[in-house]
1. What accessible surface, in Å², does a 1.4 Å probe find on Ile100, ignoring ligands, DNA and RNA and rounding to the nearest 10?
2. Please give the solvent-accessible surface of Cys285 in Å², to the nearest 10, using a probe radius of 1.4 Å with every protein chain present.
3. Leaving out ligands and nucleic acids, and using a 1.4 Å probe, what accessible area per residue does the range 1-93 come to in Å²?
4. Given Lys163/Lys393; Lys191/Lys397; Lys34/Lys393; Lys34/Lys70, which pairs have Cα atoms separated by over 26 Å?
5. Could you sort Thr275, Thr401, Thr30 by their accessible area in this structure, using a 1.4 Å probe and putting the largest first?
6. What GluC sites (Glu not before Pro) in the range 256-290 are in a loop by DSSP, with at most 14 other Cβ atoms within 10 Å of the Cβ?
7. Residue by residue, what Karplus-based ³J(HN,Hα) values in Hz, rounded to whole numbers, does the range 263-277 have, using 6.51, -1.76 and 1.60 with θ = phi - 60° and x for Gly and Pro?
8. Amide H to amide H, which residues 5 or more places from Phe170 or on other chains are under 5 Å from it, using H placed in the peptide plane?
Amino acid sequence: MRDYVEIGIGREARRAYGLNEINIVPSRRTRSSKDVDLRWHIDAYTFDLPLVSHPTDALASPEFVIEMGKQGGLGVINAEGLWGRHADLDAAIKKVIEPILFADQDVHGFRQPGVAELQELHSAPIDTDLLSERIAQVRDSGVTVAVRVSPQNARELAPIVVKAGAEMLFIHGENISAEHVQEGGEPLNLKEFIGSLEVPVIAGGVSDYTTALHLMRAGAAGVIVGQGTTTSSLALGIDSNVATQIADVAAARREYLDETEGRYVHVIADGDIETSGEIARAVACGADAVMLGQPLAAAAEAAGHGFYWQSQSAHPRFPRGLITQTEYGFGWTEASLANDDGKSRDEIIAACGADRPSLETVLHGPSTSTWGGYNLVGGLRRAMAKCGYTDIKSFQKVDITVNQ
């Protein structure tokens, strides 16, 4: 039974929960973590890990995307990011980072460090030849190629990225529906659009049962739940009670499975997920895979030199999401103050997180951290094993409780 509360005369609200408001309850005999199988099968593709990287230029250097695939996950390229706008990707990234390292600005004021630079970089037109060349570089490495486009630009960009080698298409926005409508433009009917493509489509983000069911009926192979790490709670009043959202979309998946007599649509959680415990909670609520952002920014292969932002941070008129430093014990602040030693700006940026771990370490360990920020895969395996489960599908049935 759904839990509603009265917030005023004639106005009720449903009570919803974030991942940190629930707990997993071990209630079966324990298993060895070595027996846990995390393989994720979606459409014709199989991945060793149910982990997807957020489509942001803060992560997706070609090296990062390729390494993410080699480590068993799925790296996602943002077709509308810096990849296809600037030939020197690293120089563009440095332009975003420099104001944060070298300017004393109030992040709560009118101008937040790095955002104006990010907006300016994104104002450059997309060079489809450059974008295609970089997608081909990833394709030639042998890993699965996944590319993100926005609902607004899907019709124009999807054929280009598919021709360049994209094997999975993410139609991804902060909030999307089965039909994107804009004044002066032709509505994007996802059912018709997805039916015209020869690659599987992952669509989202969504926040509710009804929208998720519409996307499933439109032909999406997967639905993204949540909005990732943004400032939308402050800017739009939209927040991500992602535990409830995952459970709701999992219920839509069950209805659609019955409706179609067997077509299974995958649920991908995209909330404030930063630790292995939060990954485990997301799966326990019904997710088949988890989209990660900031936790992966600590990796040496990540493009942002230890800084992280989402694609919404570059919106030309209404950006949402801070550009933040990864605070995983690697002394970013000390590096930013190194200018007193006469080092150049390039040397200081290079020093940012110079001791960052490899992506392999972030995902698979070993770790000396005790709070679940590293060895994310090992943490998920151990959580499942302690509860007696050895695969993702069965772990979605684990008992959970709500914090009081």
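The values are calculated or read from the model by the stated rules, or taken from the named source; none is laboratory data. This one's a predicted model, so the numbers in the text were calculated from it and none came from an experiment. Neighbour counts are summed over all protein chains in view; Cβ atoms, including those assigned to glycine, are modelled from backbone coordinates with ideal geometry. Side chains included, ligands, DNA and RNA excluded: accessible areas come from the protein's heavy atoms. Shrake-Rupley method; radii C 1.70, N 1.55, O 1.52, S 1.80 Å.
1. Here the residue's solvent-accessible area equals roughly 40 Å².
2. Here the residue's solvent-accessible area equals roughly 20 Å².
3. 51 Å²
4. Working: Lys163/Lys393 34 Å; Lys191/Lys397 31 Å; Lys34/Lys393 17 Å; Lys34/Lys70 20 Å.
Distance filter (> 26 Å) returns Lys163/Lys393; Lys191/Lys397.
5. Numbers: Thr275 25, Thr401 65, Thr30 100 Å².
The residues order as Thr30, Thr401, Thr275, largest area first.
6. Details: sites: Glu259, Glu261, Glu274, Glu278; in loops: Glu261, Glu274.
Taking the range 256-290 and a limit of 14 other Cβ atoms within 10 Å, the loop GluC sites (Glu not before Pro) found are Glu261.
7. 7, 9, 10, 7, 9, 10, 7, 9, x, 7, 10, 10, 10, 5, x
8. Val147, Arg148, Val149, Ile202
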